[in-house]
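Below: one structure, written as C-alpha coordinates.
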(Lines give C-alpha, C1' and ligand atoms only; values in the text may rest on other atoms or scores of the structure.)
Protein backbone atom coordinates (compact mmCIF):
# COMPACT_ATOMS: atom_id res chain seq x y z
CA UNK A 1 0.00 0.00 0.00
CA UNK A 2 1.06 3.57 -0.71
CA UNK A 3 0.88 5.66 2.46
CA UNK A 4 -1.32 8.71 2.34
CA UNK A 5 0.90 11.72 2.95
CA UNK A 6 -2.00 14.06 3.34
CA UNK A 7 -1.95 17.78 2.97
CA UNK A 8 1.40 18.20 4.72
CA UNK A 9 3.16 15.95 2.23
CA UNK A 10 1.62 17.82 -0.69
CA UNK A 11 2.74 21.13 0.76
CA UNK A 12 6.26 19.84 1.26
CA UNK A 13 6.52 18.62 -2.31
CA UNK A 14 5.12 21.85 -3.68
CA UNK A 15 7.56 23.93 -1.69
CA UNK A 16 10.50 21.86 -2.94
CA UNK A 17 9.36 22.27 -6.53
CA UNK A 18 9.04 26.01 -6.18
CA UNK A 19 12.40 26.18 -4.46
CA UNK A 20 14.03 24.23 -7.31
CA UNK A 21 12.46 26.55 -9.86
CA UNK A 22 13.75 29.59 -8.03
CA UNK A 23 17.27 28.14 -7.96
CA UNK A 24 17.06 27.30 -11.63
CA UNK A 25 15.79 30.77 -12.42
CA UNK A 26 18.51 32.43 -10.41
CA UNK A 27 21.13 30.26 -12.11
CA UNK A 28 19.77 31.19 -15.52
CA UNK A 29 19.78 34.85 -14.59
CA UNK A 30 23.37 34.49 -13.34
CA UNK A 31 24.53 32.91 -16.61
CA UNK A 32 22.73 35.61 -18.57
CA UNK A 33 24.45 38.32 -16.56
CA UNK A 34 27.91 36.76 -17.18
CA UNK A 35 27.21 36.41 -20.89
CA UNK A 36 25.98 40.00 -21.08
CA UNK A 37 29.12 41.18 -19.27
CA UNK A 38 31.32 39.26 -21.71
CA UNK A 39 29.53 40.81 -24.65
CA UNK A 40 29.98 44.30 -23.23
CA UNK A 41 33.71 43.68 -22.67
CA UNK A 42 34.15 42.31 -26.19
CA UNK A 43 32.24 45.26 -27.66
CA UNK A 44 34.41 47.66 -25.66
CA UNK A 45 37.59 46.03 -26.94
CA UNK A 46 36.29 46.14 -30.51
CA UNK A 47 35.53 49.84 -30.15
CA UNK A 48 39.03 50.45 -28.82
CA UNK A 49 40.57 48.63 -31.78
CA UNK A 50 38.37 50.49 -34.22
CA UNK A 51 39.51 53.81 -32.73
CA UNK A 52 43.21 52.98 -32.93
CA UNK A 53 45.25 54.89 -35.47
CA UNK A 54 47.01 52.84 -38.23
CA UNK A 55 50.67 51.95 -37.84
CA UNK A 56 53.11 54.40 -39.35
CA UNK A 57 55.92 52.76 -41.32
CA UNK A 58 59.04 54.87 -41.32
CA UNK A 59 61.04 55.04 -44.56
CA UNK A 60 64.30 53.18 -44.68
CA UNK A 61 67.38 55.24 -43.82
CA UNK A 62 69.68 53.18 -46.06
CA UNK A 63 69.97 56.02 -48.57
CA UNK A 64 71.70 59.16 -47.39
CA UNK A 65 69.77 62.46 -47.64
CA UNK A 66 72.22 63.76 -50.25
CA UNK A 67 71.77 60.73 -52.50
CA UNK A 68 68.00 60.83 -51.99
CA UNK A 69 67.93 64.48 -53.02
CA UNK A 70 70.06 63.73 -56.10
CA UNK A 71 67.77 60.86 -57.15
CA UNK A 72 64.65 62.95 -56.58
CA UNK A 73 66.06 65.79 -58.65
CA UNK A 74 66.93 63.47 -61.52
CA UNK A 75 63.53 61.74 -61.38
CA UNK A 76 61.75 65.10 -61.50
CA UNK A 77 63.75 66.22 -64.53
CA UNK A 78 63.16 62.89 -66.24
CA UNK A 79 59.41 63.01 -65.57
CA UNK A 80 59.16 66.42 -67.18
CA UNK A 81 60.79 65.07 -70.34
CA UNK A 82 62.35 68.45 -71.01
CA UNK A 83 65.09 67.55 -73.52
CA UNK A 84 64.16 70.25 -76.00
CA UNK A 85 67.12 72.39 -74.98
CA UNK A 86 69.40 69.87 -76.74
CA UNK A 87 67.96 68.47 -80.00
CA UNK A 88 70.81 65.96 -80.29
CA UNK A 89 69.91 64.48 -76.92
CA UNK A 90 66.31 64.05 -78.09
CA UNK A 91 67.46 62.23 -81.24
CA UNK A 92 69.63 59.84 -79.22
CA UNK A 93 66.81 59.10 -76.79
CA UNK A 94 64.48 58.46 -79.71
CA UNK A 95 66.95 55.92 -81.10
CA UNK A 96 67.19 54.20 -77.70
CA UNK A 97 63.41 54.01 -77.45
CA UNK A 98 63.23 52.43 -80.89
CA UNK A 99 65.72 49.74 -79.86
CA UNK A 100 63.96 49.07 -76.56
CA UNK A 101 60.57 49.00 -78.23
CA UNK A 102 61.65 46.32 -80.71
CA UNK A 103 63.80 44.18 -78.40
CA UNK A 104 62.35 44.73 -74.94
CA UNK A 105 64.25 44.30 -71.65
CA UNK A 106 66.31 41.36 -70.40
CA UNK A 107 69.13 41.15 -72.97
CA UNK A 108 72.86 41.71 -72.65
CA UNK A 109 74.34 45.19 -72.70
CA UNK A 110 76.44 44.36 -75.77
CA UNK A 111 73.27 43.50 -77.73
CA UNK A 112 71.69 46.87 -76.99
CA UNK A 113 74.93 48.67 -77.87
CA UNK A 114 75.17 46.95 -81.25
CA UNK A 115 71.53 47.67 -82.09
CA UNK A 116 71.78 51.27 -80.91
CA UNK A 117 74.78 51.90 -83.14
CA UNK A 118 72.82 50.46 -86.04
CA UNK A 119 69.91 52.78 -85.25
CA UNK A 120 72.21 55.80 -85.01
CA UNK A 121 73.67 54.93 -88.40
CA UNK A 122 70.20 54.69 -89.96
CA UNK A 123 69.39 58.11 -88.53
CA UNK A 124 72.53 59.70 -89.95
CA UNK A 125 74.21 60.44 -86.58
CA UNK A 126 77.99 60.17 -86.26
CA UNK A 127 79.35 58.29 -83.26
CA UNK A 128 82.37 56.49 -81.79
CA UNK A 129 82.33 53.20 -79.91
CA UNK A 130 84.51 51.90 -77.08
CA UNK A 131 86.78 54.91 -76.95
CA UNK A 132 89.50 54.75 -74.23
CA UNK A 133 89.12 57.07 -71.26
CA UNK A 134 92.45 58.79 -70.59
CA UNK A 135 93.47 59.02 -66.95
CA UNK A 136 96.26 61.44 -66.20
CA UNK A 137 97.49 62.35 -62.77
CA UNK A 138 100.22 64.97 -62.25
CA UNK A 139 102.12 64.10 -65.39
CA UNK A 140 101.47 60.36 -65.05
CA UNK A 141 99.28 58.63 -67.66
CA UNK A 142 97.63 55.47 -66.38
CA UNK A 143 96.74 52.66 -68.81
CA UNK A 144 93.68 51.54 -66.85
CA UNK A 145 91.68 50.29 -69.81
CA UNK A 146 88.48 52.22 -69.14
CA UNK A 147 86.33 52.64 -72.25
CA UNK A 148 83.12 54.44 -73.06
CA UNK A 149 80.14 52.81 -74.71
CA UNK A 150 79.16 55.41 -77.30
CA UNK A 151 80.04 59.05 -77.93
CA UNK A 152 77.66 60.76 -80.35
CA UNK A 153 78.82 63.70 -82.46
CA UNK A 154 81.92 64.02 -80.25
CA UNK A 155 79.92 65.77 -77.52
CA UNK A 156 77.31 63.45 -75.93
CA UNK A 157 78.44 60.49 -73.84
CA UNK A 158 76.01 57.55 -73.88
CA UNK A 159 76.50 54.86 -71.24
CA UNK A 160 74.31 51.76 -71.42
CA UNK A 161 73.23 49.56 -68.50
CA UNK A 162 71.14 46.43 -68.01
CA UNK A 163 70.65 46.51 -64.25
CA UNK A 164 67.72 46.20 -61.87
CA UNK A 165 67.88 49.90 -61.05
CA UNK A 166 70.14 52.89 -61.56
CA UNK A 167 72.30 53.47 -58.48
CA UNK A 168 74.20 56.61 -57.42
CA UNK A 169 77.50 54.93 -58.33
CA UNK A 170 76.32 54.63 -61.95
CA UNK A 171 75.62 58.35 -62.06
CA UNK A 172 79.00 59.11 -60.51
CA UNK A 173 80.74 56.95 -63.12
CA UNK A 174 79.14 58.87 -66.00
CA UNK A 175 80.04 62.22 -64.45
CA UNK A 176 83.65 61.08 -63.98
CA UNK A 177 83.91 59.94 -67.60
CA UNK A 178 82.47 63.28 -68.74
CA UNK A 179 85.05 65.17 -66.71
CA UNK A 180 87.96 63.09 -68.01
CA UNK A 181 86.74 63.42 -71.62
CA UNK A 182 85.75 67.11 -71.28
CA UNK A 183 82.16 66.44 -72.35
CA UNK A 184 79.23 68.60 -71.30
CA UNK A 185 76.30 66.17 -71.72
CA UNK A 186 75.90 62.55 -70.71
CA UNK A 187 73.10 60.03 -71.06
CA UNK A 188 72.75 57.01 -68.79
CA UNK A 189 70.36 54.49 -70.36
CA UNK A 190 69.13 51.42 -68.47
CA UNK A 191 67.45 48.99 -70.88
CA UNK A 192 66.37 46.55 -68.16
CA UNK A 193 63.06 48.31 -67.46
CA UNK A 194 59.48 47.82 -68.64
CA UNK A 195 59.27 51.40 -69.95
CA UNK A 196 62.47 53.08 -71.12
CA UNK A 197 61.28 56.42 -69.74
CA UNK A 198 62.04 54.97 -66.30
CA UNK A 199 65.64 54.19 -67.27
CA UNK A 200 66.83 57.47 -68.80
CA UNK A 201 69.06 59.93 -66.96
CA UNK A 202 70.48 63.07 -68.58
CA UNK A 203 73.51 64.46 -66.77
CA UNK A 204 75.39 67.71 -67.01
CA UNK A 205 78.32 68.61 -64.75
CA UNK A 206 77.47 71.27 -62.21
CA UNK A 207 79.93 74.19 -62.05
CA UNK A 208 81.65 74.66 -58.73
CA UNK A 209 80.63 77.69 -56.74
CA UNK A 210 83.23 80.38 -56.24
CA UNK A 211 84.59 80.02 -52.76
CA UNK A 212 87.46 81.85 -51.09
CA UNK A 213 90.70 79.95 -51.06
CA UNK A 214 91.70 78.68 -47.61
CA UNK A 215 94.43 80.54 -45.80
CA UNK A 216 97.59 78.55 -45.35
CA UNK A 217 99.45 78.85 -42.08
CA UNK A 218 103.10 79.71 -42.24
CA UNK A 219 105.31 76.79 -41.20
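The values are calculated or read from the model by the stated rules, or taken from the named source; none is laboratory data. All figures in this text were calculated on a predicted structure; none of them were measured in a lab. Glycine also receives a Cβ, built like all others from the backbone with ideal geometry; neighbour counts cover every protein chain displayed.
Some points to look at:
- Evaluated against (1) more than 22 Å from the chain's Cα centre (by Cα); (2) outside any strand (DSSP E or B); (3) at pLDDT 95 or above, residue 145 falls short on exactly one condition, (3).
- Residue, farthest from residue 142 (Cα to Cα), within the stretch 162-190, restricted to residues that are free of Cβ contacts under 8 Å to residues at least 12 places away in the same chain and outside any loop (DSSP other than H, G, I, E, B): 169
- The residue that is surrounded by the fewest Cβ atoms within 10 Å (Cβ to Cβ), among those in the stretch 104-125 that are in contact (Cβ under 8 Å) with a residue 40 or more places away in the chain and assigned to a helix (DSSP H, G or I), is 109.
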